[in-house]
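Sending over a structure as structure tokens; questions will come in a sec.
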Amino acid sequence: MGKNLVEKILAQHLISGNLVPGEEIGIRIDQTLTQDATGTMAYLQFEAMNIPKVKTELSVSYIDHNTIQIGFENADDHRYLQSVAQKYGIVFSRAGNGICHQVHLERFGKPAKTLIGSDSHTPTCGALSMIAIGAGGLDVALAMAGKPFYLICPKVIKINLTGKLQPWVSSKDVILKVLEIFTTKGNVNTVFEYGGEGVASLSVPERATITNMGAECGVTTSIFPSDKMTRLFLRSQQRESDFTELKADKNASYAKIVNIDLSKIEPLTAKPHSPDNISTVRKMKKIAVDQVCLGSCTNSSYKDLVTVAKILKGKVAHPNISFVIAPGSRQVLEELAQNGYLADLIACGARIMENACGFCIGNSQSPKSAAVSLRTSNRNFLGRSGTMDANVYLVSPETAATAVITGHFTDPRDLKISYPKVKIPEKFSIDDSMIIRPEKKKSSAKIYRGPNIGALPRNSELSDIIQAEVTIKVGDKITTDHIIPAGARMKYRSNIPKYSEFVFENVDATFASRAQVIQKAGKQNIIVAGLSYGQGSSREHAALCPMYLGVGAVIAKSFERIHAANLINFGILPLTFCIESDYDKIDQGDELEIVEVRKIIAGNGKLLVQNKTRGTSFYVNCILSARQKQIILAGGALNIRNKK
């Protein structure tokens, strides 16, 4: 039996374990990336390891999330990141150079390589046939220290693409169709591998939109073959020497094959408040729109924005529309300017934002109260825009541009114009002057630490008896945004005591204060949750801040991959109900007790949870690998590292 793409790359990087789906494996990591929202903590953790230089082929630190500088915190953290990069041999992409995923695709990604990043949308580089995986900052720090990255060997689902996209339908509609099929839950430890004749019609930026939003399905990553389109893209970036052809064997096996005919897809939208709440644009009728935001790491390539510029040329944004554009990189912005498209967008009334994450993470351009906001970004979680009662719809650039003209939801096929043809430059303008490369010799650079950067908190060893209170009970599909807010709050990312004040702020603003009271009483806090707990960002603060507040365990019906790994890394037990209906037998405020915890976890038994308040009990699973058991027993991965 032949090998699929995933097996080929993993086999070349395998350090431990066997390539059997469901088993834990360790792989060598070639490249890492961080961004400033997660990077500060990742580098504080790396510093704690006392490693003189990073040991990867390439590590890049990007400034792209918290670029708005109101107060000293973000600017101080950016200087910290720059000084760390110089000292430890890390490439530094300055604020203004672009969003990490777009820039990495343009300047650094290579077929057949492995990449992990402290951002959940790191799989964007699967468009270049990389095994690119989002992870917590601590896992990235360990990879920079030369350690393997551990994951469950995934099952591989082939998504077989046939046909070609019709005019006014784009790659964003493809991934929305995939989300309609697979939803946002139930896809843990899975990889989507794209193949079929339809792949050849998709450019690398189009593929990147698809791999980027595979993260919303909860898969480990998504990947395309490396082919003629890959070579053309790398040639346009003057990196053709990085090209390697890579394709699955004809007799490769897959856990499942799903066929999608590109020619039958129509313009789609993800309705509030989940990326898998899919409808056709036509069914939206003519819902009035208040805001249109174009950009983010999902749809901010040259092709995306030129398509929009051509649609809007000679027109003016509807008077009720606030129209925002955030190009994905400085390269994209420069090309738009040089070719006249930027002038067309400005003439239409577009507000040109930084080449940064901006509106996507809710740290700028929050819409008005109860607004309808159409966005080409990847997430529309409740409150993520910064306006709690806003209704955010995810759409393609074509659908977004059409709403700019009409002022309401409109199927772009109903415009009385021809679909724009976009000519991609054979060679893009290359200017890496905003990328600072470290000195090759040993650096004597001093680390800059502003007052916002606090000490790295540590957990204690796992107790044998857990006496805890259910501090909060939440439902299904709780995201990391629910757990620890993004947006303006992220300026406290380097100050865990301060950031911890906002845990579950948008769900229950009293959580942090109540957790502190319980903690001071000598008890632990427990979170009870439903299905798919921890969707969304790789932000390890969603584990680190609860740990700081004394959360010892989370009992859920199921967990998402990255968040479960982060919980383990910081010594919080991820427990799952043996019988899901036991979820209904617990209330917030119940007193729980678990005994012989260390003994049972060291073995493979089930933990008995006694509900002291109700006089009942139930069993939970704690499914961990031998390596994860060591981490949990020690109270976290850093405790393991510092013992060696």
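Throughout, read-outs are computed from the coordinates displayed, never taken from laboratory work. Quick caveat: nothing in here was measured; it's all calculated off a predicted structure. Every residue, glycine among them, receives a Cβ derived from its backbone with ideal geometry; neighbour counts consider all protein chains shown.
Largest first and to the nearest Å, give the Cα extent of segment 489-565 along each principal axis.
30, 29, 21
Suppose every Lys and Arg Cβ carries +1 and every Asp and Glu Cβ carries -1, with no other charges. What dipole size does the chain come out with about its Cα centre, to the nearest 20 debye? All intermediate terms of the calculation are to be shown ahead of the outcome.
Details: 77 positive and 60 negative charges, 192 e Å.
Approximately 920 debye in magnitude.
Using only Cα atoms, figure out Rg for segment 271-413 and give it as a multiple of 2.2 N^0.38 Å.
On the way: Rg = 13.8 Å, N = 143, 2.2 N^0.38 = 14.5 Å.
Dividing the Cα radius of gyration by 2.2 N^0.38 Å gives 0.95.
Here's something else I'd like to know. Which trypsin sites (Lys or Arg not before Pro) in segment 195-263 sit in a loop by DSSP (not H, G, I, E or B) and have at most 11 other Cβ atoms within 10 Å of their own Cβ? It would help to have the intermediate numbers written out before the result.
On the way: sites: 207, 228, 231, 235, 239, 247, 250, 256; in loops: 239, 247, 250.
Sites meeting the loop and neighbour criteria: 250.
Follow-up question, since we're still on this one. Multiply the residue separation of residue 520 and residue 593 by 0.36 nm, subtract the distance between their alpha-carbon atoms, and state the gained length in nm to one decimal. Kindly include the intermediate steps, with their values, before the conclusion.
Details: separation 73, 0.36 × 73 = 26.28 nm, distance 1.74 nm.
My answer for the length gained is 24.5 nm.
Still on this structure, please answer the following. Once the Cα gyration tensor of segment 402-500 is found, what semi-axes does its equivalent ellipsoid get, as square roots of 5 times the eigenvalues, in whole Å, sorted largest first?
45, 33, 14
Sticking with this structure for a sec: What percentage of all Cα-Cα pairs in the chain are separated by more than 32 Å? Don't skip to the end; give the middle numbers.
On the way: 95705 of 207046 pairs.
That fraction is 46 percent.
Would you mind getting me the FRET efficiency between residue 579 and residue 449? Use the beta-carbon distance for r and R0 = 41 Å, nearest 0.05.
Working: r = 49 Å, r/R0 = 1.20.
Computed FRET efficiency for residue 579 and residue 449: 0.25.
Please give the net charge around residue 249, taking every other residue with its beta carbon less than 15 angstrom from that of residue 249, where Lys and Arg add +1 and Asp and Glu add -1. If you can, show how the numbers build up before the last one.
Values: positive: 3, 8, 158, 247, 250; negative: 7, 193, 227, 245.
Residues near residue 249 contribute +1 overall.
About its Cα centre, what dipole magnitude does segment 71-163 give when the only charges are +1 on Lys and Arg Cβ and -1 on Asp and Glu Cβ, stated in debye to the nearest 20? Provide the component values of the computation, followed by the final result.
On the way: 9 positive and 6 negative charges, 88 e Å.
Roughly 420 debye for segment 71-163.
Do you know the relative contact order of segment 35-108, to the nearest whole percent, from alpha carbon pairs under 8 angstrom that are 6+ apart?
Details: 76 pairs, mean separation 29.7, N = 74.
Worked out over segment 35-108, it gives 40 percent.
What distance in nm lies between label points placed 7 Å from Cα along the C-beta direction at residue 250 and residue 600?
Label at residue 250, label at residue 600, 5.5 nm between them.
Follow-up question, since we're still on this one. Which longest run of the chain has no exposed loop site in it, a site being GluC sites (Glu not before Pro) in a DSSP loop with at most 16 other beta carbons within 10 Å, and the site itself not part of the run? Walk me through the numbers on the way to the answer.
Values: sites that count: 23, 57, 245, 426, 439, 461, 596.
The longest such stretch corresponds to 58-244.
For the chain, what is the mean residue ellipticity at 222 nm derived from helices alone (per DSSP H run of n ≥ 4: -39500 (n - 2.57); sum divided by total residues; nearest 500 deg cm²/dmol)?
Working: 20 runs with 180 residues, N = 644.
About -8000 deg cm²/dmol.
If you take all C-alpha pairs in segment 5-264, what percent of them are over 31 Å apart? Kindly include the intermediate steps, with their values, before the conclusion.
On the way: 7992 of 33670 pairs.
Tail of P(r) above 31 Å: 24 percent of Cα pairs.
Let me ask something additional. In units of 2.2 N^0.38 Å, what is the alpha-carbon radius of gyration of segment 17-76? Before the final figure, lay out each step's value.
Working: Rg = 15.9 Å, N = 60, 2.2 N^0.38 = 10.4 Å.
That works out to 1.52 for segment 17-76.
Where does each of 254, 341 land when they are ranked from fewest to most other beta-carbon atoms within 10 angstrom? Provide the component values of the computation, followed by the final result.
Working: 254 18, 341 21.
In increasing order of surrounding Cβ atoms, one gets 254, 341.
Sorted from largest down, what three extents in whole angstroms do the Cα atoms of segment 466-643 have along their principal axes?
Projected onto its principal axes, the Cα set of segment 466-643 covers 42, 38, 31 Å.
What does the charge count near residue 80 come to, summing +1 for each Lys or Arg and -1 for each Asp or Glu among other residues with Cβ under 15 Å from its Cβ?
On the way: positive: 79, 87, 94, 446, 449, 491, 493; negative: 36, 47, 73, 76, 77.
Neighbourhood net charge equals +2.
For 49, 388, 1, what's the fewest-to-most ordering of other Cβ within 10 Å of each Cβ?
Details: 49 16, 388 12, 1 8.
Ranked by crowding around the Cβ, least crowded first: 1, 388, 49.
Now for a different question. When Lys and Arg each count +1 and Asp and Glu each count -1, what net charge do the other residues less than 11 Å away from residue 344, Cβ to Cβ, add up to? It would help to have the intermediate numbers written out before the result.
Numbers: positive: 310, 313, 315; negative: none.
It works out to a net charge of +3.
Which percentage, to the nearest 5, of the DSSP beta bridges contained in the chain is antiparallel?
Expressed as a percentage, antiparallel bridges in the chain total about 30.
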